[in-house]
Each structure stands twice: as C-alpha cells, then as structure tokens.
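Chemist: Please see the structure below; I have some questions.
Quick note: the coordinates plus some simple rules give every number you see, no bench work behind them. Quantities reported herein were computed from a predicted structural model and do not represent experimental measurements. Cβ placement follows ideal geometry from the backbone for every residue including glycine, while neighbour counts extend to all protein chains displayed.
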Amino acid sequence: MVKDFENTGHSQLDKIRMRQKQIHDLWAHLNRLKQQKERSLEGASSVEVFHCTSNETRDWMVEKMDKLDTDELGRDLKTVQSLQHKHHQLERELAPVEEKVKAVERRNRLEETVGQQMFLNSAKSLVNWVGDVNADEPARDVTTVEHLLKSHQDLDDDIRAHQEE
C-alpha cells in the first residue's frame, strides 16, 4: 500500500511510512503478547492435567491403603480364601507401581548427585582460582612489573566474573 503512495509521489509520504512502521510495530507487539498468552495457557493446561492426574493417583492410593488397612481375616474358609485372593490381586496391582516408585527414587538420587557434583566442581574451580590469585611473584625488573600489572588487570576481570558465582 505504501508503494502505491511512493509511486504517486504523495506529499505526506514520510507520515505514511511512519504510520506503517507504527502499525508493523504494534502488530509485532500483538503477536508477542499472543505468544505469551499461548505459553501461559499451555502452562495452565499442564498444571490442570497434573492436578487431575495427582487427584486420580491420590484416590487410587487411598483406595489401596483402605484395602491394606483392614484387619478382617474372615470367619470361615470361603471368606478367608476370598480375602486371600483379593490380597494377591492387590499385590499384583502394586508390583508395577513399586518398580515405578523405585525408578523415580533412583532418578531423584541421580539428580541430587548431579547437583552435588556440579557444586563440588564449582568449589574446586574457585579454590584453584584462589590459589592462583594468592601466588606471589616478586618484581625484579620493568618487564616483570609490566607482567604483574597485566596479571593484576586480568585478576580484576576474573574477580568481576567470579562475583556472579
């Protein structure tokens, strides 16, 4: 559309271009807001799915715990055999869950170990850096002094970089 005005040599061409830029900027801003809203809705949807899954899992666990908490042993052979059969079914239902729980616990331990190792590596790096910083080198001539001055400037840069850690 602006090209049409350019071709005709419109007298307000600068204003038209400025307005076109404003419209493009507003459109880009609107698209960014739309994308933010989409991400927000995706997050809310994920949270809702998590809550539903959590509630279902909690209800399932309560149901299984109620079955386990019974002290009833039965008063006759038929009742005892029925309770025994139900107990075996419950054990079969819980067996796969037990494996999943063990897998989740192992994953959590591994994630904790990764965090610990990252911390230890960072700490070792800082200790080595402090050791390097504390190494004294006596100045004997102008070249050594210039080298020390350069090292001091590098140290200043290192200190600023390590302040973030």
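Chemist: Could you work out how much longer the chain between residue 59 and residue 80 gets when fully extended? Use 0.36 nm per residue separation minus the Cα distance between them, nm to one decimal.
Modeler: Full extension from residue 59 to residue 80 adds 4.9 nm.
Chemist: Is the chain best put as rounded, prolate or oblate by its Cα gyration tensor, with a ≥ b ≥ c the root eigenvalues, rounded for a/c under 1.5, and otherwise prolate when a/b is larger than b/c, oblate when not? Before the final figure, lay out the partial values.
Modeler: Details: a/c = 6.71, a/b = 1.38, b/c = 4.87.
Oblate, because a/c is 1.5 or more while a/b does not exceed b/c.
Chemist: Restricting to DSSP loop positions (anything but H, G, I, E, B) with no more than 10 other Cβ atoms inside 10 Å of their own Cβ, which trypsin sites (Lys or Arg not before Pro) remain in region 48-134?
Modeler: Answer by residue number: 75.
Chemist: Can you give the net charge of the other residues whose Cβ lies under 12 Å from the Cβ of residue 21, counting K and R as +1 and D and E as -1? Write down the numbers at each step before the final one.
Modeler: Values: positive: 15, 17, 19; negative: 14, 25.
Result for the local shell: +1.
Chemist: Tell me which lysines have Cα within less than 26 Å of residue 37's Cα, excluding those fewer than 8 residues away on the same chain?
Modeler: 21
Chemist: Please give the net charge around residue 112, taking every other residue with its beta carbon less than 15 angstrom from that of residue 112, where Lys and Arg add +1 and Asp and Glu add -1.
Modeler: +1
Chemist: In sequence order, what are the phi-derived ³J(HN,Hα) couplings for region 141-151 according to the Karplus relation 6.51 cos²θ - 1.76 cosθ + 1.60 with θ = phi - 60°, rounded to whole Hz, with x for glycine and proline?
Modeler: Here the 3J(HN,Hα) series is 8, 4, 4, 5, 5, 4, 4, 5, 4, 4, 4 Hz.
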